[in-house]
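S.K.: Dropping a structure here in structure tokens format, bear with me for questions.
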Amino acid sequence: MTLVNLHDFLNDYFTSNHCEILENNNGKLHIQLTDKMDELLMNRPFYWQYVKKLGYPGEPMKISFITNPNRREEEGEWIHFGSPRLHQIFRALQTQGKFTKLYEHVQSGQRTALVPWLVTNLKISYSGKQKKDEIVSIGLQLINGAMNLNMMQDLDTISLKPKISDFSYTMTPIIRMKSGYQRILNYVEQELQNKDHIWAEESWNHLQSEKKLLEHFYQDTTEDEEYENRFEQELKDIESLYKPVIDISVINGGLFYLTQQTSNKLFLSR
């Protein structure tokens, strides 16, 4: 299962939202935000209310993100899986809409069939003694069921438009979208089952140790109702901290219509 590089994810996200990438080099992104993205991410509601009320053009900010651990001391915002800024971007994606439909731009002047692909970007969150997030981008061809496991990165070089090009037409999917989505989930779940889950065993063992310590602390207070309630609450808190859990959530997705030539290249890059 191929994981999308965080740096590429950020580059794709801001590019798709019409932000200018001023620098993209060795784990550092310097971005000129648009008005809309500044309002969405930079927490300046008073400023934007002020300039809009006066009818002035706003001045969106620039922002730098560092994803390379070796450069985290440089000027810019260190961003990583689990960081508040990344969670903010995930929330922004949800408010912007989770589903899109795009067509490959074709200029051949000839009738061109476009093949339907269901693209799903998922966040896999591991909770336990240690926490981490991963992003997975999977494309499923809705004619023959073939998968691409690095879809968003492979789509990065393809010209996509919200309107279909002249002389192009879409092929009717053989696989229903609901069925396609379930195939993607089944694949991800199977891959997770095949992974080494030493982290889960360590989290579970740590949880049991913490529970024993808690029980030992409260062992002589079980007849006191106040202490019993406190014990139950602390037990729940410990379980929420250390119980190993894997959560799969949808970031966004879409239906992408691509030429057969592009589709063939996507098969080769799996």
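S.K.: Output the residue which, of all residues in the range 16-50 that are touching a residue at least 24 places away in the same chain (Cβ under 8 Å) and among the β-branched types (Val, Ile, Thr), is nearest to Ile63 (Cα to Cα).
M.R.: Ile31
S.K.: Which condition number in (1) in contact with a Lys or Arg (Cβ under 8 Å, 6 or more places away or on another chain); (2) assigned to a helix (DSSP H, G or I); (3) closer than 30 Å to Tyr103 by Cα is the one that Ser263 fails?
M.R.: Going through the list (1) in contact with a Lys or Arg (Cβ under 8 Å, 6 or more places away or on another chain); (2) assigned to a helix (DSSP H, G or I); (3) closer than 30 Å to Tyr103 by Cα, Ser263 breaks only (1).
S.K.: How many of the residues in the range 26-62 are over 22 Å from Phe90 (Cα atoms) and at pLDDT below 90?
M.R.: Qualifying residue count, the range 26-62: 14.
S.K.: Determine, yes or no, whether Tyr13 is within 16 Å of the chain's Cα centre (by Cα), on the phi < 0 side of the Ramachandran plot and either touching a residue at least 60 places away in the same chain (Cβ under 8 Å) or surrounded by 15 or more Cβ atoms within 10 Å (Cβ to Cβ) (or both).
M.R.: Yes: the conditions hold for Tyr13.
S.K.: I would also like to ask the following. Filter the range 193-222 down to the residues that are basic (Lys, Arg) and in a helix (DSSP H, G or I), then identify the one that is surrounded by the most Cβ atoms within 10 Å (Cβ to Cβ).
M.R.: Pass one, the range 193-222, residues basic (Lys, Arg): 195, 211-212.
Among the residues that remain, those that are also in a helix (DSSP H, G or I) are: 211-212.
On the way: Lys211: 15, Lys212: 10.
Per the stated criteria, the residue is Lys211.
S.K.: Here is a follow-up. Residues of the range 127-160 being among the small types (Gly, Ala, Ser) and under 23 Å from Asn17 (Cα atoms), which ones? Even if it seems obvious, please write down each step before you answer.
M.R.: Here is the first cut: in the range 127-160, the ones among the small types (Gly, Ala, Ser) are 127-128, 137, 139, 145-146, 159.
Within the range 127-160, Ser137, Gly139, Ser159 qualify.
S.K.: Now a separate question. Taking the range 21-38, which residues are polar (S, T, N, Q) and at positive phi?
M.R.: Within the range 21-38, just Asn26 meets the criteria.
S.K.: Let me ask something additional. For Glu39, all conditions in the list (1) touching a strand residue (DSSP E or B) at 6+ places or on another chain (Cβ under 8 Å); (2) surrounded by 14 or more Cβ atoms within 10 Å (Cβ to Cβ); (3) under 30 Å from Ser159 (Cβ atoms) hold save one; what is the number of the exception?
M.R.: Single failed check for Glu39: (1).
S.K.: Consider the range 125-152. How many of its residues are of a type in the set (Val, Ile, Thr) and surrounded by fewer than 22 Cβ atoms within 10 Å (Cβ to Cβ)?
M.R.: Within the range 125-152, the first condition is being of a type in the set (Val, Ile, Thr), and the residues that meet it are 135-136, 138, 143.
Add one more test, that the residue is surrounded by fewer than 22 Cβ atoms within 10 Å (Cβ to Cβ), and what stays is 135, 143.
The number of residues fulfilling the criteria is 2.
S.K.: Determine whether the range 126-141 contains at least one residue that is in contact with a Leu (Cβ under 7 Å, 6 or more places away or on another chain) and over 21 Å from Asn5 (Cα atoms).
M.R.: no
S.K.: Which of the following residues is of a type in the set (A, V, I, L, M, F, W, C), loosely packed, with under 15 Cβ neighbours inside 10 Å and out of contact with any Phe, Trp or Tyr (no Cβ under 6 Å at 6 or more places or on another chain): Leu6, Leu54?
M.R.: Of the residues listed, the single one that is of a type in the set (A, V, I, L, M, F, W, C), loosely packed, with under 15 Cβ neighbours inside 10 Å and out of contact with any Phe, Trp or Tyr (no Cβ under 6 Å at 6 or more places or on another chain) is Leu54.
S.K.: Something else about it: List the number of the failed condition for Thr95; all other conditions in (1) more than 30 Å from Gln260 (Cα to Cα); (2) in a strand (DSSP E or B) hold.
M.R.: The failed condition is (2).
S.K.: While we're here: Collect the residues in the range 138-169 that are among the acidic types (Asp, Glu) and not in a helix (DSSP H, G or I), keeping them in residue-number order. Don't jump to the end; show me each part of the working.
M.R.: Step one: filter the range 138-169 for residues among the acidic types (Asp, Glu), giving 154, 156, 166.
Residues satisfying the conditions are Asp156, Asp166.
S.K.: Here is a follow-up. Go through the range 207-242 and report how many residues are under 20 Å from Tyr126 (Cβ atoms) and at pLDDT below 85.
M.R.: Final tally of qualifying residues: 0.
S.K.: Evaluate the range 223-246: report whether one residue or more is in a strand (DSSP E or B) and β-branched (Val, Ile, Thr).
M.R.: The answer is yes; a qualifying residue exists.
The values are calculated or read from the model by the stated rules, or taken from the named source; none is laboratory data. Small disclaimer: the values here were computed from a predicted structure and weren't measured. Here Cβ is always computed from backbone atoms with ideal geometry, including for glycine, and neighbour counts include all displayed protein chains.
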